[in-house]
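Worksheet: the structure to be examined is printed underneath.
The values are calculated or read from the model by the stated rules, or taken from the named source; none is laboratory data. Since the structure is predicted, the reported quantities are computational estimates derived from the model, not experimental observations. Cβ placement follows ideal geometry from the backbone for every residue including glycine, while neighbour counts extend to all protein chains displayed.
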Amino acid sequence: MTDDDWLHDFETEAERRNRREDPPWERGARLHPDVAKSIQRFQVGEAGDGANLIAKAGGGDYLAAVKLFVAEEQNHARMLAELLAAAGVATIGSHWTDTVFVRMRRALGLRLELMVLLIAEVVALRYYRALRDGTADPLVSQVAARILADEERHVPFHCHRLRIGFARFPKPVRAAVFGAWRVLLIGVAVTVAADHGPALHRLGVGRLVFVADVLTAFESALGRVRGEEPKPKPRYRPKRARPRGLV
């Protein structure tokens, strides 16, 4: 896909989102305290204004696509805030993990920003899948499914730009960078698994499984950055909700 293709993709999604009704917040939600705390932390991470990324994006179709990407992330923050409110839980102003991510992303140029951002995206893929599949609350599952669908588009979008950014790197240099990137990813995944462990357990996902799945998603994304064709993804079939108490 080209930058023009990605811009069209984001524009199409924006139009669809504007036509689609919001989840039924009025029905309320039931959140286990551990899951509520976890969602609070992810809500903070989704709530950035994206100004630094936009400033580095240059111009043209890519800049326009990045602005729409940021708008989708802000919509995730809005929906998570609405979900917390539906459960009678307040949002929080900050969390140390988000502060670290922001500082890392802003350290250098666009390439490093996207590398750190891609780590956050593959972690989010596994987290929102756990939230979608591990809850018996329809509103929680619906919100998680909507966000997950966006994240599944965001990963290849960032991979496309990173593939361009690394195209001229000599293979040994690229291998070294990718190795360091993988080490950073593992460190982040372990940190998130530890920080959100109680919530993941409540959602039916062990810490080691979470880290392994994040690493698998990262390796798939890394293949895209190298220019490899991704394998076809199995079609998702919703599971029947099973009573699990509060989520």
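Brief remarks on what is shown
- Test: residue in the range 63-79 that is of a type in the set (Lys, Arg), at pLDDT 90 or above, surrounded by fewer than 17 Cβ atoms within 10 Å (Cβ to Cβ) and in contact with a helix residue (DSSP H, G or I) (Cβ under 8 Å, 6 or more places away or on another chain): yes
- If you check Val173, Val209, Val140 for being out of contact with any Pro (no Cβ under 9 Å at 6 or more places or on another chain), in a helix (DSSP H, G or I) and buried (at least 21 other Cβ atoms within 10 Å of the Cβ), only one passes: Val140.
So that you can scan it fast, the table gives a plain yes or no per residue for (1) under 20 Å from Val140 (Cα atoms); (2) modelled with pLDDT under 90; (3) in a helix (DSSP H, G or I):
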| residue | (1), (2), (3) |
| --- | --- |
| Ile186 | no, no, yes |
| Ala189 | no, no, yes |
| Pro198 | yes, no, yes |
| Phe218 | no, no, yes |
| Gly223 | no, no, yes |
| Pro232 | no, yes, no |
| Tyr236 | yes, yes, no |
| Ala241 | yes, yes, no |
| Leu246 | yes, yes, no |
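- Against the list (1) surrounded by 15 or more Cβ atoms within 10 Å (Cβ to Cβ); (2) charged (D, E, K, R); (3) farther than 21 Å from Leu80 by Cβ; (4) at pLDDT 95 or above, the condition Asp133 fails is (3).
- Top-ranked residue in the range 17-41 [being part of a helix (DSSP H, G or I) and closer than 13 Å to Asn75 by Cα; ranked as farthest from the chain's Cα centre (by Cα)]: Asn18
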